[in-house]
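The structure appears right after this line, and notes come after that.
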Amino acid sequence: MLSVLALVVPLALAGAVSPVMLTEQTVLLAGRDGRRVAGCYAIGVGGTALAILSLLVLFGRSIALPEEPRLSASLDIVLGSLLVLIAAVLRYRRPRAPKPKKTRDHGLSPIPALGFGVFSMATNFTTLAVMVPVAKEVAAGHLDVPSRLVVICLVAAAMALPAWLPIAMTLVAPDPARRGLQALSDVIDKRGRLATVLLLAAVGLFLVGRGIVRVIGW
């Protein structure tokens with residue numbers, strides 16, 4: 001299990017870079033009944049990540065993901081190439097004009113916030129793209145059912161980091177956390193797109209490189 005975690009957790013953290021999600025959670029925390037509303041948002045994000053990842057792993061197990069080195073390496077190359085392509089599209093696509101933050105987000109109640117969290121994760125294309133190779137590694141790993149469930153939960157928690165980390169920070173140190181989140185939000189507004197591109201490209205190149213090494217070694 002540790003060998004699988006050593007591979008999938010860094011991939012999951014790369015997929016957790018979500019400027020939009022972090023901004024949304026920061027806005028919710030600043031609103032009325034902020035922690036409760038933000039907590040429901042985090043539950044929606046984490047629950048959706050867990051559900052999608054579980055379905056991907058289950059699908060991978062049901063179709064018996066290839067364990068032969070050459071077939072597995074080919075799949076690595078395909079998935080890695082797709083991630084590099086997505087990174088290139090994000091890099092050269094003209095960014096949308098920034099929209100002002102909507103004050104109506106401050107008025108969300110817990111149930112709509114839960115649905116908002118589900119929607120945010122379900123439409124977070126870059127995180128979903130990283131989920132595919134992560135699910136492939138978990139499904140193809142030689143894990144028993146309890147170990148696989150532990151890995152899936154840890155990966156889902158890592159991918160939901162932008163949703164639950166701000167809450168944890170405000171619980172530990174409210175005032176420094178608010179200042180830190182504001183500074184982080186400003187940095188993400190300026191560099192978040194570039195960070196997403198670089199991380200997607202890094203994950204994709206890693207998979208492509210590993211696939212090529214496996215093909216040559218075989």
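The values are calculated or read from the model by the stated rules, or taken from the named source; none is laboratory data. The structure displayed is predicted, hence computed values, not measured ones. All Cβ positions, even for glycine, are placed from backbone atoms using ideal geometry, and neighbour counts span all protein chains on display. These accessible areas exclude ligands, DNA and RNA; they are computed on the full protein's heavy atoms, side chains included. Shrake-Rupley method; radii C 1.70, N 1.55, O 1.52, S 1.80 Å.
Exactly one condition in (1) out of contact with any Pro (no Cβ under 8 Å at 6 or more places or on another chain); (2) at pLDDT 80 or above is not met by Gly180; state its number.
Unmet for Gly180, out of (1) out of contact with any Pro (no Cβ under 8 Å at 6 or more places or on another chain); (2) at pLDDT 80 or above: (2).
Go through the range 121-158 and count every residue that is part of a loop (DSSP other than H, G, I, E, B) and open to solvent by less than 50 Å² (accessible area, probe 1.4 Å).
So the count comes out to 3.
I'd like to check something: does the range 83-92 contain any residue that is among the β-branched types (Val, Ile, Thr), crowded, with 16+ Cβ neighbours inside 10 Å and at pLDDT 75 or above?
For the range 83-92, residues among the β-branched types (Val, Ile, Thr), crowded, with 16+ Cβ neighbours inside 10 Å and at pLDDT 75 or above: present.
Return a yes/no flag: does the range 35-48 have any residue that is modelled with pLDDT under 85 and surrounded by fewer than 18 Cβ atoms within 10 Å (Cβ to Cβ).
yes
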